[in-house]
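Peer 1: Please see the structure below; I have some questions.
The values are calculated or read from the model by the stated rules, or taken from the named source; none is laboratory data. Please read these numbers as outputs of a predicted model, since none were measured by experiment. No Cβ is skipped: glycine too gets one built from the backbone with ideal geometry, and neighbour counts run over all protein chains shown. Only protein heavy atoms, including side chains, enter the accessible area calculation; ligands, DNA and RNA are left aside. Shrake-Rupley method; radii C 1.70, N 1.55, O 1.52, S 1.80 Å.
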Amino acid sequence: MGKKRIQSLITSLAKLKTDLYQKDFLLTWLQSDAELKAVLTVADILEQMYRANISTRVFDGGLAVSNFRDKSTRTRFSFASACSLLGLTAQDLDESKSQVAHGETVRETANMISFVTEAIGIRDDLFVGYGHEYMREVSESVELGYQAGVLPQRPAVINLQCDRDHPTQSMADLLHLVKTFGSLKKLRGKKLAMTWAYSPSYGKPLSVPQGIITLMTRFGMDVVLAHPEGYDLMPETLEVAARHAAESGGSFTQVHDLAEAFTGADIVYPKSWAPVSLMEKRTTLLKSGKGHEVEALEKEGLAQNAQHQDWECTEKLMSLTTDGAGLYLHCLPADITDVSCKAGEVAATVFDRYRDPTYHEAEHKLYVIAAMIMLNRFKKPARVLAGLLRKARPRRAG
Ligand code: CP
């Protein structure tokens, strides 16, 4: 993609009416369609500039802090890469090695890490009813620090996965769809099956399927959610998905049959998650000091999963998709049958065929995070990006 194409993306960005400056990115359903389009557009511009060897360092120093309260590979390195791309230094807050371990308040920690900080990324996805609330508390704390003049700048707070949503993932998935099908408009009328799939590894968070059904229903897609009985998602997200489908002219349906969901699907997203009831029990145990009982609960959950081993994305199921060539999506890591486990979410031959596309899907996340930071920190991002394009300073010599 040449400079002309990048310029045309910048021109489209300049036309979007958004209110993202100094606003945190916590849930996609709190953002307008134009704001989501702005994130996709800036992410695309940054990705194209990187590939064209154009520097996108809009900061000459400054810090970005991540706080991962759950494990991560992709999002952790996407955050660090996004910050490096923009000229920020990423620093991971290890709560066990900080005064948080001695009971320091959220408000104090949030201010103490933010004197020269432009962005704070948080993953807090395990505790139902707490992850999003924690992010809001951090957001309110830095706002208070900024209003009081303690912080010379107000850091952007970015949700790197909470109990409700995984916006950097779902937006990366959406960018992958836009690039695969050609445009957001071309997604209209496409059938996307977000389905549960068997996992033997652990009770996975709900926020990926919740993020997908709430986001993909916004652009006129026909979204089908399929899972065995008992694997319900949080009711709030089902309501949001139904509302978005009604507003966009798409549809949102729920079934308990994997083959029905795959039939005629243009896109499939087979992925395991734990039942919300198990996540709620886990939260109660951990919050009441009964963490030692979590292991037994996890075993109970995996035994429940084992009753649904036939919920696997196989070649036979893929043959039911549109022209037998539906697009396979996964946020990764996937449980691959006979590769990473004996029986898992997806057959090895299906995964092999889509390996490179899913890696590209994952790659978009770093640009999505960089876009969320840029749109929060700059009042006129189109002007900033146009300046970068004009200078076209090489990112790498030679
Ligand atoms: N998909 C995803 O969020 O991966 P990580 O858990 O590795 O960040």
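Peer 1: Taking region 331-343 as the search range and keeping residues that are more than 16 Å from the ligand (Cβ to nearest atom) and either open to solvent by 30 Å² or more (accessible area, probe 1.4 Å) or part of a loop (DSSP other than H, G, I, E, B) (or both), which one is nearest to T263 (Cα to Cα)? Don't jump to the end; show me each part of the working.
Peer 2: Taking region 331-343 and keeping what is more than 16 Å from the ligand (Cβ to nearest atom), we get 337-339, 341-343.
Imposing the further condition that a residue be either open to solvent by 30 Å² or more (accessible area, probe 1.4 Å) or part of a loop (DSSP other than H, G, I, E, B) (or both) reduces the set to 338-339, 342-343.
On the way: D338: 25, V339: 26, K342: 26, A343: 23 Å.
Taking the candidates together, the pick is A343.
Peer 1: Among the residues in region 265-287, are any closer than 12 Å to S199 by Cα, assigned by TED's automatic domain parsing to the domain that holds G211, among the acidic types (D, E) and out of contact with any Ser or Thr (no Cβ under 7 Å at 6 or more places or on another chain)?
Peer 2: As a first pass, look at region 265-287 and keep what is closer than 12 Å to S199 by Cα: 270-274.
Now narrow it down to the ones that are assigned by TED's automatic domain parsing to the domain that holds G211: 270-274.
Still in the list and also among the acidic types (D, E): none.
No, every residue in region 265-287 fails to be closer than 12 Å to S199 by Cα, assigned by TED's automatic domain parsing to the domain that holds G211, among the acidic types (D, E) and out of contact with any Ser or Thr (no Cβ under 7 Å at 6 or more places or on another chain).
Peer 1: Report, by residue number, each residue of region 200-219 that is open to solvent by less than 10 Å² (accessible area, probe 1.4 Å) and over 20 Å from the mean Cα position of the chain (by Cα).
Peer 2: none
Peer 1: Here's something else I'd like to know. Hey, can you tell me all the residues within region 295-316 that are open to solvent by less than 70 Å² (accessible area, probe 1.4 Å) and either under 26 Å from the mean Cα position of the chain (by Cα) or of a type in the set (K, R) (or both)?
Peer 2: Correct list: E298, G301, L302, N305, W311, E312, C313, T314.
Peer 1: Give region 236-254 a look and list any residue that's out of contact with any Phe, Trp or Tyr (no Cβ under 8 Å at 6 or more places or on another chain) and open to solvent by less than 20 Å² (accessible area, probe 1.4 Å), or say none.
Peer 2: The one that is out of contact with any Phe, Trp or Tyr (no Cβ under 8 Å at 6 or more places or on another chain) and open to solvent by less than 20 Å² (accessible area, probe 1.4 Å): T237.
Peer 1: Does P357 qualify as being under 25 Å from K179 (Cβ atoms) and within 16 Å of the ligand (Cβ to nearest atom)? I'd like the intermediate steps shown before the answer.
Peer 2: Details: under 25 Å from K179 (Cβ atoms): yes; within 16 Å of the ligand (Cβ to nearest atom): yes.
When the stated conditions are applied, P357 passes them.
Peer 1: Of these, A38, A52, which one is away from the ligand (no atom under 16 Å from the Cβ), modelled with pLDDT of 95 or more and open to solvent by less than 10 Å² (accessible area, probe 1.4 Å)? Break it down into steps so the answer makes sense when it comes.
Peer 2: Numbers: A52 fails: open to solvent by less than 10 Å² (accessible area, probe 1.4 Å).
Result of the check over A38, A52: A38.
Peer 1: Taking the stated definitions as given, is L63 more than 17 Å from the chain's Cα centre (by Cα), open to solvent by less than 40 Å² (accessible area, probe 1.4 Å), in the same structural domain as L151 (by TED's automatic domain parsing) and of a type outside the set (S, T, Y)? Even if it seems obvious, please write down each step before you answer.
Peer 2: Values: more than 17 Å from the chain's Cα centre (by Cα): yes; open to solvent by less than 40 Å² (accessible area, probe 1.4 Å): no; in the same structural domain as L151 (by TED's automatic domain parsing): yes; of a type outside the set (S, T, Y): yes.
Against the criterion (more than 17 Å from the chain's Cα centre (by Cα), open to solvent by less than 40 Å² (accessible area, probe 1.4 Å), in the same structural domain as L151 (by TED's automatic domain parsing) and of a type outside the set (S, T, Y)), L63 does not qualify.
Peer 1: What about L184, is it in contact (Cβ under 8 Å) with a residue 40 or more places away in the chain, surrounded by fewer than 24 Cβ atoms within 10 Å (Cβ to Cβ) and within 16 Å of the ligand (Cβ to nearest atom)? Step through it out loud before you land on a result.
Peer 2: Values: in contact (Cβ under 8 Å) with a residue 40 or more places away in the chain: yes; surrounded by fewer than 24 Cβ atoms within 10 Å (Cβ to Cβ): yes; within 16 Å of the ligand (Cβ to nearest atom): no.
No, not satisfied.
Peer 1: Scanning region 262-284 for residues that are among the charged types (D, E, K, R) and closer than 21 Å to P200 by Cα, which turns out surrounded by the fewest Cβ atoms within 10 Å (Cβ to Cβ)?
Peer 2: Going residue by residue through region 262-284, those that are among the charged types (D, E, K, R) are 266, 271, 280-282.
Still in the running and closer than 21 Å to P200 by Cα: 271, 280-282.
Details: K271: 23, E280: 14, K281: 18, R282: 21.
Applying the filter and picking the extreme gives E280.
Peer 1: Further question: Within region 1-31, restricting attention to residues that are part of a loop (DSSP other than H, G, I, E, B) and touching a Pro at 6+ places or on another chain (Cβ under 8 Å), which residue is nearest to R377 (Cα to Cα)? I'd like the intermediate steps shown before the answer.
Peer 2: Of the residues in region 1-31, the ones part of a loop (DSSP other than H, G, I, E, B) are 1-2, 16-24, 26-27, 31.
Now narrow it down to the ones that are touching a Pro at 6+ places or on another chain (Cβ under 8 Å): 26-27.
Working: L26: 15, L27: 18 Å.
The residue in question is L26.
Peer 1: Within the bounds of region 360-376, is there any residue that is open to solvent by 40 Å² or more (accessible area, probe 1.4 Å) and basic (K, R)?
Peer 2: Initial filter on region 360-376 (open to solvent by 40 Å² or more (accessible area, probe 1.4 Å)): 360, 363.
Those still in the list that are basic (K, R) too: none.
Within region 360-376 (the criterion being open to solvent by 40 Å² or more (accessible area, probe 1.4 Å) and basic (K, R)), the answer is no, since none of the residues qualifies.
Peer 1: Of the residues that sit in region 245-273 and are in a loop (DSSP other than H, G, I, E, B) and of a type in the set (A, V, I, L, M, F, W, C), which one is farthest from V346 (Cα to Cα)? Full working, then the answer.
Peer 2: If we filter region 245-273 for residues that are in a loop (DSSP other than H, G, I, E, B), which is where we start, we get 249-250, 256-257, 263-266, 271-273.
Now narrow it down to the ones that are of a type in the set (A, V, I, L, M, F, W, C): 265, 273.
Numbers: A265: 16, W273: 14 Å.
Once the filter is applied, the top-ranked residue is A265.
Peer 1: For A386, state whether it is at pLDDT 95 or above, under 30 Å from D19 (Cβ atoms), within 16 Å of the ligand (Cβ to nearest atom) and open to solvent by 20 Å² or more (accessible area, probe 1.4 Å). It would help to see each step written out before you state the result.
Peer 2: On the way: at pLDDT 95 or above: yes; under 30 Å from D19 (Cβ atoms): yes; within 16 Å of the ligand (Cβ to nearest atom): no; open to solvent by 20 Å² or more (accessible area, probe 1.4 Å): yes.
For A386, the condition - at pLDDT 95 or above, under 30 Å from D19 (Cβ atoms), within 16 Å of the ligand (Cβ to nearest atom) and open to solvent by 20 Å² or more (accessible area, probe 1.4 Å) - is not met.
Residue-by-condition table, conditions (1) assigned by TED's automatic domain parsing to the domain that holds K23; (2) in contact with an Asp or Glu (Cβ under 7 Å, 6 or more places away or on another chain):
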residue	(1), (2)
G149	yes, no
R154	yes, yes
H176	no, yes
S183	no, no
W196	no, no
P205	no, yes
I213	no, no
P228	no, no
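Peer 1: From I158, I120, I113, grab the single residue that is open to solvent by 20 Å² or more (accessible area, probe 1.4 Å) and either in contact (Cβ under 8 Å) with a residue 40 or more places away in the chain or within 16 Å of the ligand (Cβ to nearest atom) (or both).
Peer 2: On the way: I158 fails: open to solvent by 20 Å² or more (accessible area, probe 1.4 Å); I120 fails: open to solvent by 20 Å² or more (accessible area, probe 1.4 Å).
The unique qualifying residue is I113.
Peer 1: Answer yes or no: is there a residue in region 67-78 that is open to solvent by less than 60 Å² (accessible area, probe 1.4 Å) and more than 21 Å from I158 (Cα to Cα). Explain how you work it out, then say what you get.
Peer 2: Narrowing region 67-78 to residues open to solvent by less than 60 Å² (accessible area, probe 1.4 Å): 67-68, 70, 72, 75, 78.
Checking the rest, the ones that are also more than 21 Å from I158 (Cα to Cα) come to none.
For region 67-78, residues open to solvent by less than 60 Å² (accessible area, probe 1.4 Å) and more than 21 Å from I158 (Cα to Cα): absent.
Peer 1: Something else: So, in region 287-330, exactly how many residues are among the polar types (S, T, N, Q) and either more than 22 Å from F262 (Cβ to Cβ) or part of a helix (DSSP H, G or I) (or both)?
Peer 2: At the first step, the residues of region 287-330 found to be among the polar types (S, T, N, Q) are 288, 304-305, 307, 309, 314, 319, 321-322.
From what's left, either more than 22 Å from F262 (Cβ to Cβ) or part of a helix (DSSP H, G or I) (or both): 288, 304-305, 322.
Residues that pass the stated criteria total 4.
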